[in-house]
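See structure below.
Laboratory data are not the source of any read-out in this text; all were calculated from the coordinates shown. All values reported here derive from a predicted model rather than from experimental measurement. Here the Cβ is made from the backbone with ideal geometry for all residues, glycine too, and neighbour counts use every protein chain on show.
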Amino acid sequence: MNEDEILKIWKQGLNKNQVAKIYMREYNQRIKIVRLDIKHRREKFMTYYEALARVERIILKEIKGKEKI
């Protein structure tokens with residue numbers, strides 16, 4: 001899930017907590033597949049707070065970008 005998808009979900013009316021849960025769930029599903037490879041078996045799952053921090057940074061960057069215009 002990239003920044004555009006996160007912003008799209010947020011603009012549809014979901015709050016940052018719901019977007020963070022969706023982001024975390026998708027990230028962890030991809031990590032499950034990556035961890036099957038012996039080389040990447042130590043990859044860590046994302047916690048809710050890490051996901052929330054990432055989503056908040058993206059949303060604040062979008063809001064600050066619009067204020068300058």
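Once the stretch 41-69 is narrowed to residues that are free of Cβ contacts under 8 Å to residues at least 40 places away in the same chain and among the acidic types (Asp, Glu), the residue that is nearest to Glu3 (Cα to Cα) is Glu50.
Can you report the number of residues in the stretch 1-49 which are under 11 Å from the mean Cα position of the chain (by Cα), under 15 Å from Ile59 (Cβ atoms) and among the polar types (S, T, N, Q)? Counting residues in the stretch 1-49 that are under 11 Å from the mean Cα position of the chain (by Cα), under 15 Å from Ile59 (Cβ atoms) and among the polar types (S, T, N, Q) gives 3. Within the stretch 1-14, the set of residues being surrounded by 10 or more Cβ atoms within 10 Å (Cβ to Cβ) and not aromatic (Phe, Trp, Tyr) comprises Met1, Glu3, Glu5, Ile6, Leu7, Lys8, Ile9, Lys11, Leu14.
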